[in-house]
Amino acid sequence: MKNLLKNTLLIFVLFAVFGFSAASVYAQKELNPKIIAAIKSANAKELSTYFNNPVDLTTPGNEGTYSKAQAEMIVKSFFQK
């Protein structure tokens, strides 16, 4: 009985690990390369072109719903820090 429980738990963990890995790879393929480039170059202006209006945003010290322009300024400040 212990062996069955142990094997079941192991299978569950393996499925969880492989499932999360597959989801992560899928999500990365779906992300617009221009968004990735804007983040890598810390370009808040370019990144904000992909924001909805309003924007739900969380950064250290800021959490809330902001207009597109406000969110751009918060992200710019985040990138500068």
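The values are calculated or read from the model by the stated rules, or taken from the named source; none is laboratory data. All figures in this text were calculated on a predicted structure; none of them were measured in a lab. Here the Cβ positions follow ideal geometry from the backbone for every residue, glycine too, while neighbour counts run over all protein chains shown. Only protein heavy atoms, including side chains, enter the accessible area calculation; ligands, DNA and RNA are left aside. Shrake-Rupley method; radii C 1.70, N 1.55, O 1.52, S 1.80 Å.
Residue count for the range 66-81 satisfying the condition of being open to solvent by 90 Å² or more (accessible area, probe 1.4 Å) and either charged (D, E, K, R) or more than 17 Å from I39 (Cβ to Cβ) (or both): 3. For the range 40-54, the set of residues classified as more than 20 Å from T65 (Cα to Cα) and surrounded by 13 or more Cβ atoms within 10 Å (Cβ to Cβ) consists of A42, N43, listed by residue number.
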